[in-house]
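Each remark here refers to the structure printed beneath this line.
The values are calculated or read from the model by the stated rules, or taken from the named source; none is laboratory data. Fair warning: this is a prediction, and the values are worked out from it, not measured in the lab. All Cβ positions, glycine included, derive from the backbone under ideal geometry; neighbour counts span all protein chains shown.
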Amino acid sequence: MQRIVLGIETSCDDTGIALLQYVEEQQSFKILSDQLASQTDVHKLYGGVVPELAAREHLRALPVLFGQALDQSGIKRSEINAIAVTRGPGLKGCLLMGLGFAKGLALTLKCPLVGVHHIEGHLLAPFLTHSDLHFPYLALVVSGGHTELIEVRAVGDYNLIARTSDDAAGEAFDKSAALLGIEYPGGPKLAALADSCAESSFELPKVMRQAEGFSFSGLKTAISLLVKKHESRLSSEPDLVAELAHAIQESIVDALMFKLRKAIKNTGIRKVVVTGGVSANKNLRDCVANLKGVDVYFPDFRYCMDNAAMIAYVGSLRFKFGERAGLDLEAKSRWPVELLLPPFASEGSGHE
Ligand code: KG4
Ligand code: ZN
């Protein structure tokens, strides 16, 4: 059976609409359209995501992107068989925009709806790029909103190894960049500066060695003290800024790699997926790629970032097993991914 699944993503500051064709018998899929609207220019003025503005932008972008997806794919509205929408976790007002749009369409097109977990989207997104990937694998999800290390055993079977108790890795990059006077979101610029400098005479503490989860608050304080100490020279000494950026990048990547190495050792799993916006970081990529005896998978960058193709893909898997949501489907701004169940376990049980 062939199904056309519409995916909708509005959990944070990127609006995504995708159309995916899924052929159940062959378990094959094709992305017919994958539309994304970034809100960076709106939030840049405020140095971070403003939830109310993000929700308003989603409301504006959704119908536009939907129209573009139909045009690009040549699919008619009436040909859509199912709608997959991000239900959480994320910013409540933003999730509500996506859910409202999805429910309106489900009602008018008379097609079923399923609520998708955003992190499950990131965890399974590598399949959009790598058809040779098999369970189990370790997934490091590092973005502006999440930092999670998960053992992915099967669809819906996720064992949490580590999660951040405060900032996400991308936030640590962005906030450090702001301290160096780099405009939001400064992560990529900080990384470019860091890579322009071969080594740094500055040293930051090795953090999170004992703790179970990730935490970037201690490192943030150390970075802030280090930058303040040299503040008066920042504007006149670009080499000093690059050296500081180098030390900052090294300390963030070191914290991620320490936990990843430990997880590989403890689980014996030698397949690693790195995803999320921070997976663009060259230093992180090189460190992961250099892990001995480990197969590493990086999804195409467009599927590393927030996107609706991964939501449509997860939706298609869950639809296949009979999962359906009602029009009373609610947003879940907090929703630990390890609480999800495999689709067959939740078959016919509604939303969860
Ligand atoms: O997944 P993503 O596109 O969206 C959100 O989570 O909102 O991730 C964006 C994050 C930002 O924090 C950005 O600074 C960070 O990913 N980022 C990077 C790099 N490219 C993007 N951080 C470090 N190095 C990079 N090259
Ligand atoms: Zn995300």
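A few remarks follow.
- Filter result for LYS189 (farther than 30 Å from ARG87 by Cα, modelled with pLDDT of 95 or more and either among the basic types (Lys, Arg) or within 16 Å of ligand 2 (Cβ to nearest atom) (or both)): yes
- Meets criteria (modelled with pLDDT under 95 and surrounded by fewer than 24 Cβ atoms within 10 Å (Cβ to Cβ)) for GLU183: yes
- Members of segment 269-278 found to be surrounded by fewer than 22 Cβ atoms within 10 Å (Cβ to Cβ) and either part of a loop (DSSP other than H, G, I, E, B) or not charged (D, E, K, R) (or both), listed by number: ILE269, ARG270, VAL272
- Scanning segment 157-174 for residues that are away from ligand 2 (no atom under 16 Å from the Cβ) and out of contact with any helix residue (DSSP H, G or I) (no Cβ under 6 Å at 6 or more places or on another chain) turns up ASP157, ASN159, SER165.
- Among the criteria (1) more than 18 Å from LEU95 (Cα to Cα); (2) touching a residue at least 40 places away in the same chain (Cβ under 8 Å), the one VAL314 does not fulfil is (1).
- Cβ-Cβ contacts under 9 Å between residues 6 or more apart (or on different chains), taken from a first residue in segment 254-279 that is acidic (Asp, Glu) to a second residue that is buried (at least 17 other Cβ atoms within 10 Å of the Cβ), are listed as ASP254/LEU204; ASP254/VAL207; ASP254/CYS287.
- GLY48 part of a loop (DSSP other than H, G, I, E, B) and buried (at least 21 other Cβ atoms within 10 Å of the Cβ): no
- Candidates PHE344, PHE321, filtered to the one that is touching a Ser or Thr at 6+ places or on another chain (Cβ under 9 Å) and over 24 Å from LEU149 (Cβ atoms): PHE321
- The residues in segment 184-243 that are in contact with a Leu (Cβ under 6 Å, 6 or more places away or on another chain) and of a type in the set (Lys, Arg) can be counted, and the count is 1.
- If the condition is being farther than 17 Å from PHE135 by Cβ and in contact with an Asp or Glu (Cβ under 6 Å, 6 or more places away or on another chain), then segment 308-332 contributes ALA308, ALA309, ILE311, GLY322.
- Looking across segment 126-153, the residues that are part of a strand (DSSP E or B) and within 14 Å of ligand 2 (Cβ to nearest atom) come down to ALA139, LEU140, VAL141, VAL142, THR147, GLU148, ILE150.
- Close pairs (7 angstrom Cβ cut-off, 6 or more residues apart or separate chains): over 21 Å from ASP174 (Cβ atoms) in segment 48-61, surrounded by fewer than 16 Cβ atoms within 10 Å (Cβ to Cβ) and aromatic (Phe, Trp, Tyr) anywhere: none
- Hits in segment 300-339 - residues which are within 15 Å of ligand 2 (Cβ to nearest atom), of a type in the set (Gly, Ala, Ser) and surrounded by fewer than 17 Cβ atoms within 10 Å (Cβ to Cβ): SER333
- Test: residue in segment 106-118 that is within 15 Å of ligand 1 (Cβ to nearest atom), buried (at least 23 other Cβ atoms within 10 Å of the Cβ) and on the phi < 0 side of the Ramachandran plot: yes
- Search result, residues across segment 229-253 that are closer than 13 Å to ALA191 by Cβ and without any contact (Cβ under 8 Å) to a residue 40 or more places away in the chain: VAL253
- Only a single criterion out of (1) farther than 16 Å from THR10 by Cβ; (2) of a type outside the set (Ser, Thr, Tyr); (3) within 15 Å of ligand 1 (Cβ to nearest atom); (4) within 18 Å of the chain's Cα centre (by Cα) is not satisfied by ALA162, namely (3).
- From the list GLY88, GLY67, GLY47, GLY104, the lone residue that is over 27 Å from LEU123 (Cβ atoms), of a type in the set (Gly, Ala, Ser) and in contact with a Phe, Trp or Tyr (Cβ under 7 Å, 6 or more places away or on another chain) is GLY47.
- Test: LEU226 is closer than 18 Å to GLY186 by Cβ, hydrophobic (A, V, I, L, M, F, W, C) and assigned to a helix (DSSP H, G or I): yes
- Residue in segment 282-300 that is within 16 Å of ligand 1 (Cβ to nearest atom), part of a strand (DSSP E or B), within 19 Å of the chain's Cα centre (by Cα) and within 30 Å of ILE80 (Cβ to Cβ) present: no
- Residue within segment 248-268 that is crowded, with 23+ Cβ neighbours inside 10 Å and outside any helix (DSSP H, G or I) present: no
- Any hit, segment 159-173, residues being assigned to a loop (DSSP other than H, G, I, E, B), at pLDDT 95 or above and buried (at least 23 other Cβ atoms within 10 Å of the Cβ): yes
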